[in-house]
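Trainee: Quick one: this structure, given as structure tokens, is what I'll be asking you about.
Quick note: the coordinates plus some simple rules give every number you see, no bench work behind them. Being a predicted model, the structure only gives us computed values, none of them experimental. Positions of Cβ are backbone-derived with ideal geometry, glycine not excepted, and every protein chain shown enters the neighbour counts.
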Amino acid sequence: MKAIELIKPAGRGEASLLEEIDLNRLPRHVAIIMDGNGRWAQKRHLPRIAGHRVGVKIARQAIETCARLKIPALTLYAFSLENWRRPQAEVDFLMRLLREYLKKELPSINKNNIRLLMIGRMEQLPEGVRKDIEAAMRLTSKNTGMKLVVALNYGGRAELVDAFNAILDRVRLNGLLAFRADEETISQNLYTAGLPDPDLLIRTSGEMRVSNFLLWQIAYAELYITDALWPDFSREKLLEALLNYQQRERRYGGLGNGRERGKSD
Ligand code: IPE
Ligand code: IPE
Ligand code: MG
């Protein structure tokens, strides 16, 4: 099976990228910091929210592309804990946009066997948003295709704090005085428990920072930072990122290329 049999290319650029992509070497988990909506709008003398609107369309396209390529998990950073610092009107708009998106797209998400998951501090979200999300997660909970993880009211440090407290609660409850945590204990208590760590982290609009995103999970992720603003991050650009990932040599602290100890000293 070739990528081009899964996706109908929109142009020559997409077609040649699809020819090159190796379906057997795709990331198991792609995480995206969708940044640059505001700058995209400002460049066009439009209000910031106009950028967020186009951003949703691009997110939809990225979801479809990853699902067609059978990438097992896609995480999108939609709203950070720190994003509450923005003007109330922008925050309200983003929450409304999310509900609109769910209402419109849920049937097709479900039809495509996609399982929707949310990570973040759900309890601090407005009630309407929380209810819609819970209903969407329930509706898709039996789906076995791609896991679409939306990071909402998410902060990486807050996630670690919540994990530590969950562990402490369990230790106290069960009187486990001799308990010692290991990496597995921590991973299993994160919001992302059960998901593979991201192999590829994409950030649009050029900022060289991780902005409190998946701090524990990206320990060995390949980073791909592009100057393209999120609303300009076309399918072709996403395919370029995937192909670039396939050209990386992942070493995990070793020497790579089968030159590990015991293989050929
Ligand atoms: C990303 O775009 C979307 C969210 C954070 C919700 P921004 O709104 O951060 O756009 P810039 O970074 O100001 O251009
Ligand atoms: C990161 O973008 C958060 C999301 C994409 C939701 P920000 O625009 O909030 O990050 P900073 O402020 O540039 O670090
Ligand atoms: Mg930003």
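Trainee: Local charge sum around Q217 (other residues, Cβ-Cβ under 10 Å, Lys/Arg +1, Asp/Glu -1)?
Mentor: -2
Trainee: Quick check: the distance between the Cα centres of region 214-241 and region 72-140, to the nearest angstrom?
Mentor: With region 214-241 and region 72-140 each reduced to a Cα centre, they are spaced 20 Å.
Trainee: How large is ³J(HN,Hα), in whole Hz, for each residue of region 85-101 in order, when computed from phi with the Karplus curve 6.51 cos²θ - 1.76 cosθ + 1.60 and θ = phi - 60°, using x for Gly and Pro?
Mentor: These are the phi-based 3J(HN,Hα) values: 6, 6, x, 3, 4, 5, 4, 4, 5, 4, 5, 5, 4, 5, 5, 4, 4 Hz.
Trainee: Within the chain, how many Lys pairs that are eight or more residues apart, or on different chains, come under 13 Å at the alpha-carbon?
Mentor: Taking the Cα cut-off of 13 Å, the pair count is 5.
Trainee: Next up: Would you pull out the residues with amide H under 5 Å of T140's amide H, same chain only if 5 or more places away, H placed 1.01 Å from N?
Mentor: L116
Trainee: Same structure, new question: Give a quick list of trypsin sites (Lys or Arg not before Pro) in region 99-197 that DSSP marks as loop, anything other than H, G, I, E or B, with at most 13 other Cβ atoms within 10 Å.
Mentor: Counting only loop positions with at most 13 other Cβ atoms within 10 Å, the trypsin sites (Lys or Arg not before Pro) in region 99-197 are K142, R180.
Trainee: Across region 146-161, in residue order, what do the Karplus-derived ³J(HN,Hα) couplings come to in whole Hz, using 6.51 cos²θ - 1.76 cosθ + 1.60 with θ = phi - 60° and x for Gly and Pro?
Mentor: In residue order, the calculated couplings are 4, 8, 9, 9, 9, 8, 9, 6, 9, x, x, 5, 4, 4, 5, 4 Hz.
Trainee: Which cross-chain or sequence-distant (5 or more) residues have an amide H under 5 Å from the amide H of L200, H modelled 1.01 Å from N in plane?
Mentor: Excluding prolines and chain starts, which carry no amide H, the hits are H29, A31, E222.
Trainee: Report the full-extension gain for the segment D92 to R180: residue separation times 0.36 nm, less the Cα-Cα distance, to one decimal in nm.
Mentor: Value of the extension gain: 27.4 nm.
Trainee: Neighbouring Cβ atoms within 10 Å as the yardstick, rank Y220, Y252, Y154, Y101 fewest first.
Mentor: Least crowded to most crowded, the residues run Y252, Y220, Y101, Y154.
Trainee: A further question follows. When Lys and Arg each count +1 and Asp and Glu each count -1, what net charge do the other residues less than 9 Å away from R28, Cβ to Cβ, add up to? Could the numbers behind the result be given before it?
Mentor: On the way: positive: none; negative: D197, D199.
Neighbour charge sum, excluding R28 itself: -2.
Trainee: Apply the Karplus curve 6.51 cos²θ - 1.76 cosθ + 1.60, θ = phi - 60°, to the phi angles in region 190-196 and return the couplings in whole Hz, x for Gly and Pro.
Mentor: 7, 4, 8, 3, x, 9, x
Trainee: Next question. Given the options L139, L176, L223, state which has the largest fluctuation in a GNM of the chain using a 10 Å cut-off (strictly under) for Cα springs.
Mentor: In this elastic network of the chain, the residue with the biggest mean-square fluctuation among L139, L176, L223 is L176.
Trainee: A further question on this structure: Pick from N143, N24, N153: which residue has the top mean-square fluctuation in a GNM of the chain where Cα pairs under 10 Å get a spring?
Mentor: In this elastic network of the chain, the residue with the biggest mean-square fluctuation among N143, N24, N153 is N24.
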